[in-house]
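Here is the structure we will look at, set down as structure tokens.
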Amino acid sequence: MNNRLTVDALISFFEGLSPESVARFPEYYAADACFKDPFNEVRGLPPIQRIFMHMFSQVAEPRFVVLERVVDEQGALLVWELRYRPQGRWGKTKPQVIRGASHLRFNADNKVVWHRDYWDAAEELYAKLPGIGWLMRTLGRQLAA
């Protein structure tokens, strides 16, 4: 299998991700894979799976949509949107979007060994929260050129 086929399968996996399918991470990720995003830095399948299960407990109807991909023999870069509905004490039901990118590296077995997510927590998350959002927007206006 080459990286393009691996990435196609991985995109299908993420676009169809559900609480039940989190158990399928070993099909796509090496046992000692590393994962890093703005809030987490972990190594190994169980911690990676916990991060994605946590997502399902924090937001309603999360769904990844991959918009672009760049693939070479070293790995891949996926540009994506995470579409979801907030739940819990914030009480919003309006759909939200987090825009980001994932940098992936694969081992000789075409499994992910390194996954780094890049997204702006200040813009994509904090600025949408009551109170904090007002502060973030005000600071942004003051710092803008």
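The values are calculated or read from the model by the stated rules, or taken from the named source; none is laboratory data. Values in this document were obtained by computation on a predicted structure and should not be read as measured data. Here the Cβ positions follow ideal geometry from the backbone for every residue, glycine too, while neighbour counts run over all protein chains shown.
A few points about this structure:
- Flag if VAL59 is more than 14 Å from the chain's Cα centre (by Cα) and either at pLDDT 70 or above or closer than 22 Å to ARG4 by Cβ (or both): no
- Test: ARG69 is within 22 Å of ASN2 (Cα to Cα), at pLDDT 95 or above, among the charged types (D, E, K, R) and surrounded by 16 or more Cβ atoms within 10 Å (Cβ to Cβ): yes
- The set of residues from segment 5-17 being without any contact (Cβ under 8 Å) to a residue 60 or more places away in the chain and of a type in the set (Ser, Thr, Tyr) comprises just one member, SER12.
- Among (1) surrounded by 14 or more Cβ atoms within 10 Å (Cβ to Cβ); (2) at pLDDT below 95; (3) closer than 18 Å to ASP117 by Cα - the single one PRO86 does not satisfy: (3)
- Residue match in segment 46-57 (condition: assigned to a strand (DSSP E or B) and at negative phi): no
- Close pairs (8 angstrom Cβ cut-off, 6 or more residues apart or separate chains): at positive phi in segment 61-81, buried (at least 18 other Cβ atoms within 10 Å of the Cβ) and modelled with pLDDT of 95 or more anywhere: GLY75/LEU104; GLY75/PHE106
- Answer from SER18, SER102 - the residue that is of a type in the set (S, T, N, Q), closer than 19 Å to TRP119 by Cβ and modelled with pLDDT of 95 or more: SER102
- The residues in segment 14-38 that are assigned to a helix (DSSP H, G or I) and surrounded by fewer than 16 Cβ atoms within 10 Å (Cβ to Cβ) can be counted, and the count is 6.
- Neighbours by Cβ (under 8 Å, 6+ apart or cross-chain): first from segment 18-44, under 20 Å from GLY75 (Cβ atoms) and of a type in the set (Asp, Glu); second part of a strand (DSSP E or B) and modelled with pLDDT of 95 or more: ASP32/ARG43; ASP32/VAL113; ASP37/ARG116; ASP37/ASP117; GLU41/CYS34; GLU41/PHE35
- Going through (1) surrounded by 13 or more Cβ atoms within 10 Å (Cβ to Cβ); (2) over 22 Å from ALA9 (Cβ atoms); (3) at pLDDT 95 or above one by one, GLU41 falls short only on (1).
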